[in-house]
1. Going down the table (377/467; 102/467; 124/265; 159/187), which pairs top 19 Å between alpha carbons?
2. With an 8 Å Cα cut-off and a minimum separation of 6 or more residues, compute the relative contact order for segment 234-321 in percent.
3. Once fully extended, how much extra length lies between residue 128 and residue 163, figured as 0.36 nm per residue of separation less the alpha-carbon to alpha-carbon distance?
4. In whole angstrom, and with the biggest value first, how far do the Cα coordinates of segment 182-281 range along each principal axis?
5. Label-point separation (nm) for residue 195 and residue 241, each offset 7 Å from Cα along Cα-to-Cβ?
6. Rank these for me by crowding, 434, 266, 429, going from fewest to most other beta carbons within 10 Å.
7. Taking just the alpha-carbon atoms of segment 149-205, what radius of gyration and Dmax come out, in angstrom?
8. If you bin the C-alpha pair distances of segment 242-298 every 10 Å from 0, what whole percents do you get?
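Nothing in this text is a laboratory measurement; each read-out follows from the coordinates by a stated rule. Since this is a predicted model, take the numbers as computed values, not measurements. Note: ideal-geometry Cβ built from the backbone for every residue, glycine included; neighbour counts use all protein chains shown.
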Amino acid sequence: MLFLSILIFALFQACYPTEMFNASDPETKDYWMQFLLRGKGEKITSIETELETTAQEPFSESLNLLNLEWTLLIGAPEARTYGEGIAIDNENFVYVTGNTNKGVYRAEPIGNRDLILGKYDSKKNPIWTKQVGAAKTNLDVKDVSVDSHGNAYVIGDTKNSFASPLSGEQDLFLIKFNSDGSQAWAKQTGCIGNKYYTNARKIAVDTFGNSYIIGNSNGPLGGNATGSNGFIIKFDSDGNQIWVKQISVNGGNTLIYLNSIAIDKTRNIIYVAGSGRANFANDTVPGVGFLDLFVLRYDSNGNRQFFAQLGFPSSTTEGSSLNVDPFGNVFVGGTSNGNFESEKKSNFRGLLVKYDPSGVQQWVRQFEFGPTVNERKQTVITAITNDANGNVFTTGYGSEYIVDDTNASIGKNDLFLAKYNSSGQIQWTRQIATSRSSTFSTGIGLDSEGNLYCSGYTSQNMNQIPKKGFNDLFLLKFK
């Protein structure tokens, strides 16, 4: 499904407007820069390539930039290995997950595409690694989360009978791994009927070990509507499904895409974010633009409340990432071809919005490319995290330099990271890429010591490290 998302995103930029959504030198180049912003038990065969990278000089000492401490690439010869999520537990162990078509954490693959999950310490030493699959089975991994005891939960999609018989055309799966890496249980669920698909997107785990999964389905999952709908499912710590709720408008005839979830663990509130063609405050159509960013909130019993919506006329505004800071403020990241600083339409630019705990918008930030519109120049914020002071750290990818309107990207898609303070002022940015590479950042996290981790996948060498396969999962640590 990841490949479909990328394809759809590419089609979107080539065929605007549309109803589709979801968006040479091999030596790596690593640049510091500032954004211009405006306004509102088997033998393993060489699976990991690593290098202690030289500390980078910061762009400005006053900006408190982090230095790249190390880079880890995970892959295998001729493998297509994709990194799809990152999580950090209370003891500062880092979990990365994804999928591969070769033997990465074992000598040979199990199925057509296997799940991979690795637990690492802060020095990139593996604590344990797992590769899970079934014969002739594709497991399309989407995300990982950890609970307070260091148990890991991985979600994804499959079109095969894996943990249970296949319900529809495509089901979601959820696997719990104990803190020692042993598998506790696996669940599979979806809409009954071979024309229905269930597409898991993200997972969050609360303080009690309950899992909340969001995604999309064209079937009556959690409701009666068919069409392009969203859903949220709750499982307890033993894998029992507690409830499922459908998110639909106008009988399912309106496009809705759920992309992210976050939990305010202090207040026990679940937030979900996505995009849709509706007015989510009153469940009517249309919305403001072609697709609007929206945020809903749930209590632990599945009761829903409207929280916020952001759109721009005749434009698409995507909510693709979400986080809650220690003060209950909600941050949503994504992309939009609307221009929230003027009435002019623009290319797709990375977007970051802050809401207070009541849903009142505090500020909007967009990446600024310059005075001209280049529809091939695009950026998207794919993940967000916050520190104890409310500072915001984001990551994503883009097809051009972030700074100006004159230069092409280093690769086909470049990774970027950025830090903002709680008022939305940019503190520092970083862009990492390799010539001819497609580098996608899919996760970000902070440990209790303030170290920043970023994960994703790349098609070329990274930070002077040679790749192992066609695509490798990467894990970066900044200190």
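1. Values: 377/467 27 Å; 102/467 15 Å; 124/265 28 Å; 159/187 14 Å.
Too far apart for the 19 Å limit: 377/467; 124/265.
2. Details: 191 pairs, mean separation 21.6, N = 88.
Dividing the mean separation by the residue count of segment 234-321 yields 25 percent.
3. The residue 128-residue 163 span can extend by a further 10.4 nm.
4. 40, 33, 18
5. With each label placed 7 Å out from Cα toward Cβ, I get 2.1 nm.
6. On the way: 434 28, 266 11, 429 23.
Listed from fewest to most nearby Cβ atoms, that is 266, 429, 434.
7. Calculated on Cα positions, Rg and Dmax stand at 12.2, 39 Å.
8. Histogramming segment 242-298 at 10 Å steps yields 23, 51, 23, 4 percent.
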